Amino acid sequence: MTDNNPIPLEEAIKLCKKYKDEHKVRLFSQCWGCLKFSKEESTKMCFYKPPDNRGCKFVNQLFDTYPIEDKH
C-alpha cells in the first residue's frame, strides 16, 4: 500500500476501466477531465506516470486494496 509498489500499465488501464464502470463519470469530475483531455489514450491519462503509473488516486486505491492473488 505504498507509492513504491509500481502498477503495470496494462493493469492501470484495467483498473481505470473498472473504476469508471463502478462509479460512472460525472461531469467536471477528475475522471471526466482525464477522459476528455486524454481522449482515452493511456499515455495521456492521469494514472500514467512512469515508471510507477501512480498518477491517479482512484487507480492507486483500487490497486492497493484488491487481493494480491489477483495481481499479475
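Tell me, which longest segment in the chain has none of the trypsin sites (Lys or Arg not before Pro) that fall in DSSP loops with at most 13 further Cβ atoms within 10 Å? Longest gap between qualifying sites, sites excluded: 40-70. A simple spin-label model places the labels of Glu22 and Lys57 1.6 nm from each other, with each point 7 Å out along Cα-to-Cβ.
What range in the chain is the longest one free of GluC sites (Glu not before Pro) that are in a loop by DSSP and have at most 16 other Cβ atoms within 10 angstrom? Free of exposed loop sites, the longest segment is 1-39.
None of the figures in this text is laboratory data; all of them are computed from the coordinates on show. On a predicted model such as this, the values are computed, not experimentally measured, just so you know. Cβ: placed from backbone, ideal geometry, glycine included. Neighbour counts: every protein chain shown.
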